[in-house]
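The values are calculated or read from the model by the stated rules, or taken from the named source; none is laboratory data. Everything numeric here is computed off the predicted structure, so don't read it as measured data. We place every Cβ from the backbone using ideal geometry, glycine too, and count neighbours over all the protein chains shown.
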Amino acid sequence: MKNQAELMDKIYILKKKSSPLTYMLASRNTHRASLLHFDGKSQRALRYARNQKSPFEDEQDGNVILEPIVFVDGALSVPKTNPVLQHFLSIHPGYGSVFEEVNTENDASSDIEKLSSELDAQIAARDLSVDMLEAVARVLLGSRVEKMSTAELKRDVFVYARKNPRMFLEMLNDPMLQLQNTCAKFFEHDLLRLKNKGRDVYYNLPSNKKKLLTVPFGEEYVYIVASFMQTDEGIEVMRLLENHVK
C-alpha cells in the first residue's frame, strides 16, 4: 500500500458506455465468483472488509465487516481515508476490463496537449499564404477554390484546423501536399476526369481521351494520381498536363 502522504481521493468508472443506475462489484472470493490475485508466488483470495487493513483474506482477522462496493450512475468515489478499498480495487481482477480509475492528471495533460495542438494549427492556418490556403482547401477539403473568396477559404481552413489539428499540421509538412494540389488543379481545369463512378481516371485532352489509371478501392483519387506522377511515366504526364494549365 502507498504511504499516507501519497494517498489521494480517487474516482473509478465502469468501462461500459451504457452503465446501469447501480452496479455491485464482486467484493469477496466465493465458489460462484472467483476473486483471486497472483502476488508473484501464489493465488491469494481477495475480500474487502471496511474494518480490515488488508484486502487479502489470509491477512484478515475473524471479525470482518463486509461492505458492498456499489457504482452509482457508473461511478465510484473512494476517499483517501479508505486506502484498503483503493488497494483492493487496484488488484481486483475486473480492473481495466470492468472498471478503471479516472486519472485526472493524465486527463489534464491530454487536454493541454490537445489545446496546444489546436492553437498551433490555428496559428499555422492564420499565417498561410493564399496559394497554401488554396492547396489545403483542394487537398483536405476537396473544395472548388476557383469559386471561393479568400475569406471563405480562410474560414473553411480555420474550421478544419480547429477540428483536425494534428492531421492539419502533418499535412502542412507533407511534401505530397503541393503535388496533390497540382493534381487537383488538373481536375479543376477538366484536363482529367473521373469515370465509372469514380473508379477510373481519364485524360480529357483534345487529342487524348484515354484511360490514365484505376483508383484502388477505398483510396482517394487525387492522392493516387499524385503518387503516379512520381513515377518515370508520371513525370512525363505531369509535364504534359502542366503545359495545358499554363
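Observations
- Qualifying residue in the stretch 15-24 (condition: surrounded by 11 or more Cβ atoms within 10 Å (Cβ to Cβ), at pLDDT 95 or above and in the same structural domain as Pro83 (by TED's automatic domain parsing)): no
This table checks each residue for (1) in a strand (DSSP E or B); (2) basic (Lys, Arg); (3) within 13 Å of Ile91 (Cα to Cα); (4) in contact with an Asp or Glu (Cβ under 6 Å, 6 or more places away or on another chain).
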{"position": "Met8", "(1), (2), (3), (4)": "no, no, no, no"}
{"position": "Tyr12", "(1), (2), (3), (4)": "yes, no, no, yes"}
{"position": "His31", "(1), (2), (3), (4)": "no, no, no, no"}
{"position": "Ser34", "(1), (2), (3), (4)": "no, no, no, no"}
{"position": "Leu46", "(1), (2), (3), (4)": "yes, no, yes, no"}
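- Taken over the stretch 61-70, residues that are at pLDDT 95 or above and surrounded by 12 or more Cβ atoms within 10 Å (Cβ to Cβ) amount to 1.
- Residue under evaluation Val84, criteria (1) crowded, with 16+ Cβ neighbours inside 10 Å; (2) among the β-branched types (Val, Ile, Thr); (3) in contact with a strand residue (DSSP E or B) (Cβ under 7 Å, 6 or more places away or on another chain), criterion not met: (3)
- Taking the stretch 118-140 as the range and being loosely packed, with under 15 Cβ neighbours inside 10 Å and not in a loop (DSSP other than H, G, I, E, B) as the test, the residues that pass are Leu119, Ile123, Arg126, Val130, Asp131.
- Selected residue (only one of Asn196, Asn208, Asn164 is surrounded by fewer than 19 Cβ atoms within 10 Å (Cβ to Cβ) and at positive phi): Asn196
- Criterion (closer than 16 Å to Val139 by Cβ and exposed (fewer than 13 other Cβ atoms within 10 Å of the Cβ)) met by exactly one of Glu188, Glu233, Glu219: Glu219
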